[in-house]
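Peer 1: Structure provided below as structure tokens; questions to follow.
Each value in this text was obtained by applying a stated rule to the coordinates, not by laboratory testing. As the structure is a prediction and not an experimental result, all values here were calculated from the model. In this analysis, Cβ positions are derived from the backbone assuming ideal geometry, glycine residues included, and neighbour counts consider all displayed protein chains.
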Amino acid sequence: MNPIISTTGLVKHYPGVVAVDGISLAIPKGICFGLLGPNGAGKTTTIEMLEGIHLPTSGSVLYKGEPLGARYREEVGIQFQHTALQEFLTVRETLELFERLYHHTIPIPELIELCALSDILNRDTRKLSGGQRQRLLLALALINDPELIFLDEPTTGLDPQARRNFWDLVTLVKSRNKTIVLTTHYMEEAYALCDQIAIMDKGRIVSQGTPAQLLSEHFGDVVLQIPKADAGDKVFDLGLSIGEAADFLEIKTNRLHHTLQQLIENGVNLDRLHIRAWTLEDLFINVTGKSLKS
Amino acid sequence: MKKFLAVLHARNMEFLRDRSALAWNLAMPFLLVIGLAFTFSGGNKDIYKIGIVGGIDTLSRVAPELHGTRHILFVPYDDLNAAIDKVRHHQMDMLIDVSSLPKYWINSSSPNGYLLERIIWGSGGKLFQRQAVEGVEIRYVDWFLPGILGMNMMFSCLFGVGFVIVRYRKNGFLKRLKATPLGSFQFLFAQLISRLLLIMVITTVVYSGCNLFIEFNMQGSYWVLLLVTTLGATCMISIGLLIAARTASEEFAGGILNAVTWPMMLLSGAWFSLEGTHAWVVQLAQIFPLTHMIAATRAIMNEGATLSQVMPHVWVITVMSAVFLALGAYIFKWE
């Protein structure tokens, strides 16, 4: 399938800094593509070049196989990480303002229903909560019925409930066959929403694929967590790969059945055994050597 | 206290690191002081202006005590009628003709004229004959009104447009608009028209409201007055757009706006006439659109000037508006 948007050798220099260092991507239509990385990894710079907000120092961005042109603004929806709105306008007036900037739009009542804005329609946009504001910003990004939607850290600063509500909204939008490019530093968000992810570090993509693919590529084993009190001393003599956490041991193994047998035979109490799946956070540490939240 | 000092320090660092704002904050008062010192130089801060027909030397012989009075600027004139017109229009506080029997003219509504009359009575001019100003005397309020309204328009247009756009840029609203199909010229034009409508409505309401009590002198056409003030406001807004075309620093924009508004406020004739000041000051004032707007509105209101008579001012304002608007649109950046 032809990608809806692609980049080749995308580079962005700022004085003294290489923010993006040769990124090539091809994002198929209809998926949610996640761009992950810690602060300063170059996610926002990359997404803003994809959005056409900033020009790359070198490299190219193609939308449906063509350079970004006049129709691009009509066909994409953007939710920036930081955005102010025109002050002293209500939610409805703000929707109407942006509706008038596009040729083709979704009917406002449909948008109000989709983004659950009916209760706050007449509220001054300065008086919205974080979650309400993000829902309005998403509505503005969807107002032109875009094929491609950019969401730059849309849930940063939201409480867990508001974040989950926003995920539901994004899932609903995705079900309408929209392509979403999402940046986030919440791993659970990427896992919940993204069909494909690219992990960025220092302006480069260090790993790319579906979350399941990447986890299986990087981690062929599982982690057994056993409380220290239950493990006893013999466990250290079994030749296993053991790491120590605060009050439990972590045993990495790619031969689960065999390892469990070994532990049972050596009298280890497995009543409180926990088998932990690898997460994208682990993956990030594995490929970059540092925590995503650092 | 710790929190206060931390915030104080952070704010100081922000200010000091914003070099453009810092430079303006330093340069602006300096330039203002230097400029004013030159403009009103000579050690004699003249408070009153007296036009002299018949020679200042003659005055010094006829009334040496008056001639020696400090803080009065004596401006020589050859044409008596033109000089009387200056008094009528409050461009001169008093006129003295010493070419024959000494006579003087003041505008009866001029506070300065009233005080000067008392001064000449006490300084050797007791026998001077008071003459009536021919034709309709322009009241002080009628002379003052175009200046006040013009200045109000200037501040509203420049700061109202300039600061708002800089704030939009700073808080990311312009970036959000950039992501839409909205063009920069459309955005700027919308800002211009919005402010123009606003200021014209406000000015009309202020004028009409005051007119109920004061009954301003209006010799000319309201349509010509509307045209001139609309063009003048357009020109001010264009300057605001030009200033706000790129900067994201409110402090820097504030510095530039002050640098533009202060000279206009002082030298456009809004507060006082530049009659008798250095020729270069009068020339300099011609580069300000406010000078032309005020001169044209005074001519329309107080002398009944027609459109063709104020056309030179109209052309200057129109050309300035076109240049500033085109330049502002050309260099405009969303971010």
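Peer 1: Rounded, prolate or oblate for the range B:237-335? Axes are the square roots of the Cα gyration tensor eigenvalues, ordered a ≥ b ≥ c, and the cut-off for rounded is a/c under 1.5.
Peer 2: Values: a/c = 2.77, a/b = 1.61, b/c = 1.72.
Since a/c reaches 1.5 but b/c is at least a/b, the shape of the range B:237-335 is classed as oblate.
Peer 1: For chain B, set up a Gaussian network in which alpha carbons nearer than 10 Å are linked by springs, and say which option among B:Val201, B:Val75, B:Val161 fluctuates the most.
Peer 2: Among B:Val201, B:Val75, B:Val161, the largest mean-square fluctuation in the Gaussian network model of chain B belongs to B:Val201.
Peer 1: Suppose every K and R has +1 on its Cβ and every D and E has -1 on its Cβ; what is the size of the dipole of the range A:187-232 about the Cα centre, in Debye to the nearest 20?
Peer 2: In total the dipole reaches around 200 debye.
Peer 1: At 0.36 nm per residue, minus the direct Cα-Cα distance, what do B:Met311 and B:Arg246 gain on full extension? Give it in nm, one decimal, please. Numbers along the way, then the final one.
Peer 2: Values: separation 65, 0.36 × 65 = 23.40 nm, distance 3.33 nm.
20.1 nm is the gain from fully extending B:Met311 to B:Arg246.
Peer 1: Let me ask something else about it. What FRET efficiency, computed as 1/(1 + (r/R0)^6) with R0 = 45 Å and r the Cβ-Cβ distance, is obtained for A:Gln208 and A:Asn266, rounded to the nearest 0.05?
Peer 2: In this case the efficiency is close to 0.60.
Peer 1: Next up: Sorted by mean Cβ packing within 10 Å, highest first, what order do the peptides A:50-63, B:92-105 take? Display every interim value, and only then the final one.
Peer 2: Working: A:50-63: 17.6, B:92-105: 20.8.
The most tightly packed comes first, giving B:92-105, A:50-63.
Peer 1: Limiting things to C-alpha atoms, what are the Rg and the maximum Cα-Cα separation (Dmax) for the range B:140-331, in angstroms?
Peer 2: According to the Cα coordinates of the range B:140-331, Rg and Dmax are 17.2, 55 Å.
Peer 1: So, one more: Placing +1 at every Lys and Arg Cβ and -1 at every Asp and Glu Cβ, with all other atoms neutral, what dipole size does chain A have around its Cα centre, in debye to the nearest 20? Don't skip to the end; give the middle numbers.
Peer 2: On the way: 28 positive and 36 negative charges, 90 e Å.
The dipole of chain A has a size of about 440 debye.
Peer 1: For a quick check: sort A:Ser118, B:Ser221 by the number of other beta carbons within 10 angstrom, fewest at the front.
Peer 2: Numbers: A:Ser118 10, B:Ser221 14.
In increasing order of surrounding Cβ atoms, one gets A:Ser118, B:Ser221.
Peer 1: Does chain B come out rounded, prolate or oblate by the C-alpha gyration tensor, with a ≥ b ≥ c the root eigenvalues, rounded set by a/c under 1.5 and, if not, prolate when a/b is larger than b/c and oblate if not?
Peer 2: Working: a/c = 2.79, a/b = 1.75, b/c = 1.59.
Judged from the Cα gyration tensor, chain B comes out prolate (a/c at least 1.5, a/b above b/c).
Peer 1: Which value, in debye to the nearest 20, gives the size of the charge dipole of the range B:48-133 about its Cα centre, when Lys and Arg are +1 and Asp and Glu are -1 at the Cβ? Kindly include the intermediate steps, with their values, before the conclusion.
Peer 2: Details: 9 positive and 8 negative charges, 52 e Å.
Dipole size: approximately 240 debye.
Peer 1: Same structure again: Please report the orientation-averaged projected area of chain A, defined via the convex hull of its C-alpha atoms, in nm². Don't skip to the end; give the middle numbers.
Peer 2: Values: hull surface 75.8 nm².
One quarter of the hull surface, i.e. the mean projection, equals 18.9 nm².
Peer 1: Mind sorting A:Thr253, A:Thr8 by how few other Cβ atoms lie within 10 Å of their own Cβ, fewest first? The partial results should precede the final answer.
Peer 2: On the way: A:Thr253 18, A:Thr8 15.
Exposure proxy ranking, most exposed first: A:Thr8, A:Thr253.
Peer 1: Find which of A:Leu280, A:Gln261, A:Ala198 sits farthest along the positive direction of the dipole of the range A:168-294, computed with +1 on the beta-carbon of Lys and Arg, -1 on that of Asp and Glu, about the Cα centre.
Peer 2: Checked the options; the winner is A:Ala198.
Peer 1: Over chain A, what is the mean sequence separation of C-alpha contacts under 8 Å (at least six apart), divided by residue count, expressed as relative contact order in percent? Could the numbers behind the result be given before it?
Peer 2: Details: 527 pairs, mean separation 61.6, N = 294.
Relative contact order comes out at 21 percent.
Peer 1: Per residue of B:112-124, how many C-beta atoms from partner chains lie within 10 Å of its own C-beta, taken as a mean?
Peer 2: Values: counts 0, 0, 0, 0, 0, 0, 0, 0, 0, 0, 0, 0, 0.
Averaged over the peptide's residues, the number is 0.
Peer 1: So, one more: So what is the 222 nm mean residue ellipticity for chain B from helices alone, if each DSSP H run of at least 4 adds -39500 (n - 2.57) and you divide by all residues, rounding to the nearest 500 deg cm²/dmol? Don't skip to the answer; put the middle values down first.
Peer 2: On the way: 14 runs with 220 residues, N = 335.
One gets -21500 deg cm²/dmol as the mean residue ellipticity at 222 nm.
Peer 1: Here is a further query. For the charge dipole of the range B:140-331, defined by +1 on Lys and Arg C-beta atoms and -1 on Asp and Glu C-beta atoms about the Cα centroid, which residue among B:Tyr140, B:Ala253, B:Val205 has the Cα displaced farthest towards the positive pole?
Peer 2: It is B:Ala253.
Peer 1: Related question: Given a Förster distance of 45 angstrom, what is the FRET efficiency for A:Tyr14 paired with B:Asn152, based on the Cβ-Cβ distance and rounded to 0.05? Could you put the intermediate results ahead of the total?
Peer 2: Details: r = 43 Å, r/R0 = 0.96.
With a Förster radius of 45 Å, E is 0.55.
Peer 1: Also: Show me the ranking of peptides B:296-302, A:87-93, B:211-217, B:112-118 by mean Cβ neighbours inside 10 Å, starting with the highest. Write out the running numbers ahead of the final one.
Peer 2: Details: B:296-302: 24.6, A:87-93: 15.6, B:211-217: 12.0, B:112-118: 17.3.
Descending packing order for the listed peptides: B:296-302, B:112-118, A:87-93, B:211-217.
Peer 1: Using the membrane-span-like helix rule (whole DSSP H runs, Cα extent along the own axis of at least 18 Å, mean Kyte-Doolittle hydropathy at least 1.0), which helices of chain B qualify?
Peer 2: B:19-39, B:184-214, B:222-243, B:311-331
Peer 1: Using all alpha carbons of the range B:48-133, what is the percent of pairwise distances in each 5 Å bin, ordered from the shortest bin to the longest?
Peer 2: Whole-percent P(r) values from 0 Å outward: 3, 17, 31, 30, 16, 3.
Peer 1: Determine, for B:Thr306, A:Thr105, the number of other Cβ atoms within 10 Å of each Cβ, and report the residues in order from fewest to most.
Peer 2: Numbers: B:Thr306 13, A:Thr105 17.
Taking fewest neighbouring Cβ atoms as first place, the list is B:Thr306, A:Thr105.
Peer 1: Have a look at B:Leu188, A:Pro160, B:Leu284 and report the one farthest towards the positive end of the charge dipole of the protein assembly as shown, computed about the Cα centre with Cβ charges (Lys/Arg +1, Asp/Glu -1).
Peer 2: Going by the Cα projections, it comes out as B:Leu284.
Peer 1: Okay, moving on. For peptide A:112-123, compute the average count of partner chain beta-carbon atoms within 10 Å of each residue's beta-carbon. Numbers along the way, then the final one.
Peer 2: Working: counts 0, 0, 0, 0, 0, 0, 0, 0, 0, 0, 0, 0.
Average neighbour count from other chains, rounded to a whole number: 0.
Peer 1: Separate question: Summing -39500 (n - 2.57) over the DSSP H runs of n ≥ 4 in chain A and dividing by its residue number, what mean residue ellipticity at 222 nm do you reach, to the nearest 500 deg cm²/dmol? Mind dumping the intermediate values first?
Peer 2: Values: 11 runs with 96 residues, N = 294.
Helix contribution divided over all residues of chain A: -9000 deg cm²/dmol.
Peer 1: Follow-up. In peptide A:81-89, how many Cβ atoms from other protein chains are near each Cβ within 10 Å, on average? Please list the in-between numbers first.
Peer 2: Details: counts 1, 4, 7, 9, 4, 4, 5, 0, 0.
Mean shielding by partner chains, rounded to a whole number: 4.
Peer 1: Shifting gears a bit: Assuming R0 = 30 Å, can you tell me the calculated FRET efficiency for the pair A:Ile275 and A:Thr171, based on Cβ-Cβ distance, to the nearest 0.05? Before the final figure, lay out each step's value.
Peer 2: Values: r = 28 Å, r/R0 = 0.94.
Rounded to the nearest 0.05, the efficiency is 0.60.
Peer 1: What percent does the relative contact order of chain B come to when contacts are Cα pairs within less than 8 Å and at least six residues apart? Before the final figure, lay out the partial values.
Peer 2: Numbers: 462 pairs, mean separation 65.1, N = 335.
Worked out over chain B, it gives 19 percent.
Peer 1: Among A:Thr45, A:Thr83, A:Thr125, which one shows the biggest mean-square fluctuation in a GNM of chain A, springs joining Cα atoms closer than 10 Å?
Peer 2: Among A:Thr45, A:Thr83, A:Thr125, the largest mean-square fluctuation in the Gaussian network model of chain A belongs to A:Thr83.
Peer 1: Let a ≥ b ≥ c be the square roots of the eigenvalues of the Cα gyration tensor of the range A:104-176; is it rounded (a/c under 1.5), or, if not, prolate (a/b larger than b/c) or oblate?
Peer 2: Details: a/c = 1.70, a/b = 1.14, b/c = 1.49.
Taking the square roots of the gyration eigenvalues as a ≥ b ≥ c, the range A:104-176 is oblate.
Peer 1: Run the simple label-point estimate for A:Lys29 and B:Glu215 please: 7 Å along Cα→C-beta, distance reported in nm.
Peer 2: Using points 7 Å along Cα→Cβ, the separation is 7.7 nm.
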